[in-house]
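Here's the structure, in structure tokens; my notes come after.
The values are calculated or read from the model by the stated rules, or taken from the named source; none is laboratory data. Note that this is a predicted model, so its numbers are computed, not measured. For neighbour counting, all protein chains shown are included, and Cβ atoms are generated from backbone atoms with ideal geometry for every residue, glycine included. In case anyone asks, the SASA skips ligands and DNA or RNA and just uses the protein heavy atoms, side chains included. Shrake-Rupley method; radii C 1.70, N 1.55, O 1.52, S 1.80 Å.
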Amino acid sequence: MSGAVITIDGPGGAGKGTVSLAVAHQLGWDYLDSGALYRVLGLSASRKGIAFDDEPALAAEAAQLGVSFGADDPNLGVRVLLNGAEVTQDIRTETAGKAASQVAAVPAVRSALLQRQRDFEQPSGLVADGRDMGTTVFPDAGLKIFLTASAEERAKRRYKQLIAKGDDANIRALQQEIEARDRMDSERSVSPLRPAENAVMLDSTSMSIDEVVSAVLALATERGLSV
Ligand code: DC
């Protein structure tokens, strides 16, 4: 059943996930992390040895993908399950991100996942985070945000996250990976990364997460979306 929808699209590392989850919590709405669907598909295809250019096999895998979302974990965020088994951390690696971007460029995969994403719409409201939420999946959303940040700033944020986890990281290599993924996501033929015509552009390069969340909530109030 349809209800109010806020879409938050933009390139990887701009803070969409954190912002979307915070906005959803504040409004008491549901949250869809559409990138997690592509990440789980990439993981599942790799485990089964399906090539990332095997369109029919990827589409079949997408159609029967056993993905589900669990409750929020304070450290891990929204828990993600593949056939009932926890994959929350497995899908957050750089390799999984790249695999997601590759399978997401396959047109039959995008059509296989379209209705599944729309099914997340709730009468009580939904915040949907991704690349094409405002352009393709929820074109009638009441508020569409396009959240960006410079590649340099996004690499810095990712670097800090990895170092905090005790991982090794190289800031220049991270920036190159981020730019390569931006290109792959923006240049694909189906539903490329681009702002919807009526999207509000927010550049988070020199904004804190709290400032971005407040800006989105203020826009939601202006549009009469929040109570
Ligand atoms: O938001 P993310 O980093 O978890 O997304 C991983 C990849 O999935 C991203 O590089 C492109 C793809 N993706 C997409 O094509 N469309 C979406 N709505 C969300 C993600």
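Within 10 Å, count the other beta carbons around each residue, average over each peptide in 165-173, 50-58, and list them highest first. Walk me through the numbers on the way to the answer.
Values: 165-173: 10.6, 50-58: 15.2.
Going by the mean number of other Cβ atoms within 10 Å, highest first, we get 50-58, 165-173.
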So the carbon and sulfur contribution to the accessible area of the chain, 1.4 Å probe, in percent, is 50 percent
So for the stretch 129-227, using the alpha carbon gyration tensor with a ≥ b ≥ c as root eigenvalues (a/c under 1.5 gives rounded; past that, a/b versus b/c decides prolate or oblate), I'd call it oblate
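So, for the stretch 84-227, what is the accessible surface per residue at a probe of 1.4 Å, expressed in square angstrom? The partial results should precede the final answer.
On the way: 7510 Å² over 144 residues.
For the stretch 84-227, the solvent-accessible area averages 52 Å² per residue.
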The Rg/Rh figure for the stretch 183-227, Cα atoms and Kirkwood Rh, to two decimals is 1.10
Check: C-alpha center the stretch 125-164 vs C-alpha center the stretch 48-84, spacing in Å is 20 Å
Bounding extents of the chain in its principal axis frame from Cα atoms, largest first in Å, are 48, 42, 34
As a percent rounded to 5, the proportion of antiparallel DSSP bridges among beta bridges in the chain is 30 percent
Dimensionless Rg/Rh of the stretch 76-119, both radii on Cα and Rh by Kirkwood, sits at 1.01
Summing -39500 (n - 2.57) over every DSSP H run of at least 4 in the chain, dividing by its residue total and rounding to the nearest 500, the 222 nm mean residue ellipticity is -14500 deg cm²/dmol
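Rounded, prolate or oblate for the stretch 38-129? Axes are the square roots of the Cα gyration tensor eigenvalues, ordered a ≥ b ≥ c, and the cut-off for rounded is a/c under 1.5.
Details: a/c = 1.93, a/b = 1.26, b/c = 1.53.
Since a/c reaches 1.5 but b/c is at least a/b, the shape of the stretch 38-129 is classed as oblate.
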Expected max-MSF residue from D203, D129, D73 in the GNM of the chain (alpha carbon, under 10 Å) is D73
